[in-house]
Amino acid sequence: MANVAIIGAQWGDEGKGKVVDLFTHEADIIVRFQGGNNAGHTLVVDGKKTVLHLVPSGALHPDKLCIIGNGVVVDPEVLIAEIEALKAQGHLVHSELLRISEQAHVIMPYHKAIDLARERLRGKGKIGTTGRGIGPAYEDKVARVGIRFVDLLEEDTFRDKLRKNIEEKNIYLKAILKEKALHFDKIHDKYVDYRDKLKDYVTNTGLLLDQEMRAGKRVLFEGAQGTLLDVDHGTYPYVTSSSTITGGACSGAGVGPQNIQQVIGISKAYTTRVGSGPFPTELNGPDGETLRREGAEFGATTGRSRRCGWFDAIGVRHAVRMNGMTGIALTKLDVLTGFKKIPICTAYRYDGNLITEFPASSKVMQKADPVYEEMDGWSEPLDNVRNFSDLPKSAQKYVRRIEKIIGTEIILVSVGPGREQTILLKNPFEE
Ligand code: IMP
């Protein structure tokens, strides 16, 4: 029986929340291993919508152990609000159902202030971050000055680290970013309060995972954002600050690679992106508007409207290779109903040359023109289809063509936000 990682194959927002929720009953433990509350995983259960930013999507199922791994950066205020909201809905009934890594880094007010101020100063050149302090929190982690939960739990360590950080950040905030200084006492007292509320959840989650896996428990690793936002393999510098790929699951959860047997990539049947950065298949005209309207393409975290475009097979094939994806869940196929022709991008053209692999150069990516292969569309609504063979023939052909180009199997097709609006072709946990 496999442990499975679920990873975004595009620029995030692929519908990972729904797929994680679908497979959660197959797993005993659900682990977030990177990112923070820049993520927004939307779950629709019995018509009721829940958006989770930090707590793993398994929280809506009773008795699943949810783990926030060491690779996550945690805004305690957001986490506490999320825990309270889940409890009020009858979830997370015991605190043992949620565990937070003692090594996870804590997002501090100066991280948010720096994130927002930098974006303001960048003006047109902004990254379009979610403004949640994610990048600055990871910077501090790598600069070895970050505050982890284990540090927050030790009053003297916390005071010392916080004092040094505030001294340094205040110089940067005032002199460079032209922002106001932050006050030690206010932040300290607020975080002591957070510590009191969260301390019972904090533990050595890598060790816990190892013990549970040895006892035969099955694990689902829940990725956030997507491969094209990965700090190494995405459209740098228009990326997030974490390792969003399968490799990141090992370091961010504290497990060895042999503990992940199946890697399911999640991709929309078209493409979306929020924030700035290159997007070769972006549609700025009425087709893009139709995708946005029909797909309700507005960010789950910031509410920003998502940029929309045709399926980019170059990007998804790159994600398949980079993650060792053993299958793809193709989401939102229903949104494509009504288009007469549906293009698939199979290459880019840049400076007269045909490019068939995802380029590292930001300049090439910005200027690349998509080369399309056109598929026939269909007019039938798909939201009630439950079997692949009941899909219109041209929808079947579209899915099979994508499968061929990206070089891995499509194991699931999603035709709506509800759990039941799913065509399951293969169960990765049974592999
Ligand atoms: P940050 O992660 O807030 O630093 O933002 C960096 C980039 O990643 C921006 O383009 C964001 O819009 C994008 N981003 C971050 N989290 C998500 C997500 O969960 N879905 C989609 N895009 C995201």
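The table below lists the values:
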read-out: Dipole magnitude (debye, nearest 20) for the range 108-191, charges at Cβ of Lys, Arg, Asp, Glu; value: 600
read-out: The chain: most fluctuating residue of Gly299, Gly285, Gly309 per GNM, C-alpha cutoff 10 Å; value: Gly285
read-out: Charge dipole (the range 352-431, unit charges on Cβ, about Cα centre) - positive-most of Ser394, Val371, Ile355; value: Ile355
read-out: Under 15 Å, Cβ to Cβ, from Leu424 - net charge with Lys/Arg +1 and Asp/Glu -1; value: -3
read-out: For the range 202-253 and the range 48-113, distance of Cα centres in Å; value: 15
read-out: Computed FRET value (nearest 0.05) for Glu403 with Ala88, which takes r as the C-beta separation and R₀ as 51 Å; value: 0.75
read-out: Around Gly247: net Lys/Arg minus Asp/Glu count, Cβ-Cβ under 10 Å; value: -2
read-out: Top of His94, His53, His61 by mean-square fluctuation, Gaussian network on the chain, Cα under 10 Å; value: His94
read-out: Per-residue [θ]222 nm for the chain (sum of -39500 (n - 2.57) over DSSP H runs n ≥ 4, rounded to 500); value: -9500 deg cm²/dmol
read-out: Protection proxy ranking, peptides 243-251, 116-124, average beta carbon neighbours within 10 Å, highest first; value: 243-251, 116-124
read-out: Unit charges on C-beta of K, R, D, E only; dipole of the chain, Debye; value: 1060
read-out: Gyration tensor verdict on the range 130-180 (Cα atoms; rounded if a/c is under 1.5, prolate if a/b is larger than b/c, oblate otherwise); value: oblate
read-out: Cα gyration tensor, the range 149-232 - rounded (a/c under 1.5), prolate or oblate; value: oblate
read-out: Cα gyration tensor shape of the range 320-431, rounded if a/c is under 1.5, else prolate or oblate by comparing a/b with b/c; value: oblate
read-out: Amide H contacts under 5 Å for Val73, placed H, 5+ residues apart; value: Gly35, Gly36
read-out: More than 30 angstrom apart: percent of Cα pairs within the chain; value: 42
read-out: Proximal charge balance of Ile405 [Cβ under 12 Å; K/R count +1, D/E count -1]; value: +1
read-out: Highest to lowest packing among 80-91, 63-74, scored as the average C-beta count within 10 Å; value: 63-74, 80-91
read-out: The range 163-175 - phi-based ³J(HN,Hα) in whole Hz, Karplus 6.51/-1.76/1.60, Gly and Pro as x; value: 4, 5, 5, 5, 4, 6, 5, 5, 4, 5, 4, 6, 6
read-out: Translational D in µm²/s for the range 382-424 (Stokes-Einstein at 25 °C, 0.890 mPa s, Kirkwood Rh from C-alpha pairs); value: 228
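Only the coordinates and a few stated rules stand behind these numbers; no lab work does. Quick caveat, the model's predicted, so the values are computed rather than measured. Glycine also receives a Cβ, built like all others from the backbone with ideal geometry; neighbour counts cover every protein chain displayed.
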